[in-house]
Amino acid sequence: MDSLFSNLFLSLETLIGEKAPLIKDVYPELSQTENYNGAPSQWPCLFIDFTNLAYAELTGYAQAVSGELQCRLATQITVADGVTFLDTPTALAFYEAELQLHRALQGWTNGAIAPLTRIKTITEDRGDAFRIRALTTTDKHDAFRVRVLTYSLNFNEYPVPAVTSEIPTPPPDILP
């Protein structure tokens, strides 16, 4: 794959699998938590996205990029019946998964990006009544919450190969 983001996702997926075993699966973020009525097959799971990218020109063929790596940690809030809340030890295990994720990502680099630095963590407040529906539904697939961890993402990108001259370099003039 040529895409920096494809390769970065695959590297992060491997890293998280090795360093954060409490996170059961990793997916690319494609608005699943906003637009999908189903549920992941395993909990907790992580959705990764590269957001708020700003580009600055370095040369005609290189750009400095600054943005965010967004990690959306999705967890269940009810047991299989879709009504009963999780027990305290299970709920606290989700915070342990978040800590494992942070320890894996903080300062990590694959050589193509600057070391990652956490810049914020929030719990999503949903404006679409999703939480209310999640708490009152009997369908277990609708009940989950999302914790969003955001890391600064900085790198230089070389999307276009440099143009090379076909004119041979002349021999140097050496003065006697």
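Throughout, read-outs are computed from the coordinates displayed, never taken from laboratory work. This one's a predicted model, so the numbers in the text were calculated from it and none came from an experiment. A quick note on method: Cβ atoms are made from the backbone with ideal geometry, for glycine too, and the neighbour counts reach across all protein chains shown.
Pair-distance distribution P(r) for segment 1-100, from all Cα-Cα distances in 10 Å bins starting at 0: 13, 37, 30, 13, 5, 2 percent. The calculated FRET efficiency for the pair Val160 and Glu96, based on their C-beta separation and a Förster distance of 30 Å, comes to about 0.10.
Our coupling estimate for segment 147-160, obtained by passing each phi through the Karplus curve with A = 6.51, B = -1.76, C = 1.60 and θ = phi - 60°, is 9, 10, 9, 10, 10, 5, 10, 9, 6, 9, 10, 10, x, 10 Hz, Gly and Pro reported as x.
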